[in-house]
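Right, one structure below, let's go through it.
Bear in mind that the values in this text are calculations on the coordinates, not laboratory data. Just so it is clear, the structure is predicted and the values come from calculations on it, not from any experiment. Here the Cβ positions follow ideal geometry from the backbone for every residue, glycine too, while neighbour counts run over all protein chains shown.
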Amino acid sequence: MSIRKNKIHKALICLFLLLVATQAFCLPADVVRLNNQEYFPAAQEAISQAKKSIFIVMYLISFNKEDKNSKVSQLIDELVKAKLRGVNVKVILDYQRSGSGLASGAPNFEAFKFLKEKGIDVCFDSVQAYTHTKAIVIDQRIIISGSHNWSDASLSLNNEVSFLINSFDLARRLLDDFSKIKLSGPELEEGLSVKIPCWAMGKNGVVPEMLRRHNERGFDIWLLLLRDYDGNAKGAVDTNYEALADSLGLLKDMDRLIYRKEINRQLRGLSRLYKLVEIDTQFNQPIKIKLLKNAEGESFNIPLSYWDYGWANRLNMAAKACLLVNLAEIGPKLYPPEWMLSRPQISEKYGVNRNALYAGMKALRDFNIINVRYGSIDQGYEDRMPPTIVFLGLYDMREFEHGLRRLEDSYGRELITKSRDYSFVVFKGYDLSVIEQTAKFINIYGAAKVDEAFKIVGQKAPDNPKRAFGYVTGILSKMEGKD
């Protein structure tokens, strides 16, 4: 084929692709380009004229409430005014990580805290993902989206471009996309969780006592009673043997007489040993249970997904106790979903011995329920800060298994199995994104280099900050640079 004919052929292909893309994605809309500093006055005016709703998804809002004249503060002020005049305002921020923790000066936290105080519905995305979107949707029609973050540099100095679009159809699609963003912490909110009393978690509380006695089944039954308690003044719990046996996974392994005896034995322990319940159990009669101590006073929340997703029957006792430690440390604030204590401090505060603490935290980390960020060891292990524990949340194992099968279909079972084995080295054997990225690395760099990189990282101690997937990526990049 001649050069001329080849160029014509390529042009026709491009024209065809352009026509297909136009038919598939083009929506009728009025569009205004907002270059550089044109964004701020346009956004301020649009927000000030909102009648019904404002939905914002923003990667960065760099806010200082003391600087009331900054452009960021002026935009935030317009959101507060909109809320006061009855506009439904919702903001989703990216959970921006920082080495010292989200509450210690991470970029979006001050904006989050201020908006929360003003009664605005604001939340972070999941700690497991980045949300790089910068978009505003007003009254389900007006869209402002592009490269502008809400920062002084972006609004006043940088070369940026965004667009103001008037399109009901596009706004509807964007709002649908925004509704699918996984958020951090909503499973701990009222209605999706169960209150656990803080008095149960102290050094002399019933949880560490049950852990020391290896009384996992009694612990499980007590949490079920708290779950099923409806808040009535008498403390009565509406349950029965079959419901408890089903939740405990006893129906398939025990006949009716045996599981009733086992449940009665555990209830007597909760009554006599821990003084948690008052019971009335008579042969062939419905069980009667009254909570002597409920979750009144200071408490924290355990999500209903703990039972719905089967974690109550999947985690061992040490992991269950450590899960409650995590939730107690996060507390009712929900955000940020991270906290910082050393192992000796945790043991002292919650009465969990170091062996159980290590085993329980490791299980939660292996299951990708928590992430652990360790400080630098350049100055030695003894002088570094305590690790930051990030609560990633409970997830549906069925969804994980479905995602794993999807990866096997895309990359092949053998490659995904090998990739997952590598992912366990960096405590990410239940993280689909790490498993898939490892498979991509094997295809890009070759199996030998990936194996070498994971062996280098795998030689690090579990509490070494270099025992992480990010260091695998760095090692592979350096290997590639040497070729």
Practice problem: Putting +1 on Lys and Arg Cβ atoms and -1 on Asp and Glu Cβ atoms, find which of SER48, LEU175, GLY185 reaches farthest to the positive end of the dipole of the chain. | Solution: GLY185
Quiz item: Which residues' amide hydrogens lie under 5 Å from the amide hydrogen of VAL277, considering only partners 5 or more residues apart or on another chain, with H built in the peptide plane?
Solution: SER271, LEU292
Practice problem: Round to the nearest 10 and give me the degree value, 0 to 90, for the angle of helix 317-330's Cα axis relative to the longest principal axis of the chain. | Solution: 60
Quiz prompt | Sequence of SER73, SER179 once ranked by neighbouring C-beta atoms within 10 Å, starting from the fewest | solution = SER179, SER73
Quiz prompt | Dimensionless Rg/Rh of the chain - Kirkwood Rh, Rg from C-alpha atoms | solution = 1.03
Quiz item: With no solvent and one point on each alpha carbon, what is the Debye value of log10 I(q)/I(0) for the range 30-184 at q = 0.10, 0.12, 0.19 Å⁻¹?
Solution: -0.31, -0.46, -1.26
Quiz item: Which order results if PHE367, PHE168, PHE40 are arranged by neighbouring Cβ count within 10 Å, fewest first?
Solution: PHE168, PHE40, PHE367
Quiz prompt | Cα-based helix-to-principal-axis angle, 469-482 vs the chain, degrees rounded to 10 | solution = 40
Self-check item: Degrees, to the nearest 10: 3-25 long Cα axis against longest axis of the chain
Solution: 50
Quiz item: How many percent of the alpha carbon pairs in the range 242-339 exceed a separation of 16 Å?
Solution: 69
Quiz item: What residue among PHE424, THR133, PRO107 has its Cα farthest toward the positive end of the dipole of the chain, where the charges are +1 on Lys, Arg and -1 on Asp, Glu, each on the Cβ?
Solution: PHE424
Quiz item: Straight-line reach from LYS182: which aspartates and glutamates have a Cα under 12 Å away, not including same-chain ones fewer than 8 places off?
Solution: ASP94, ASP125
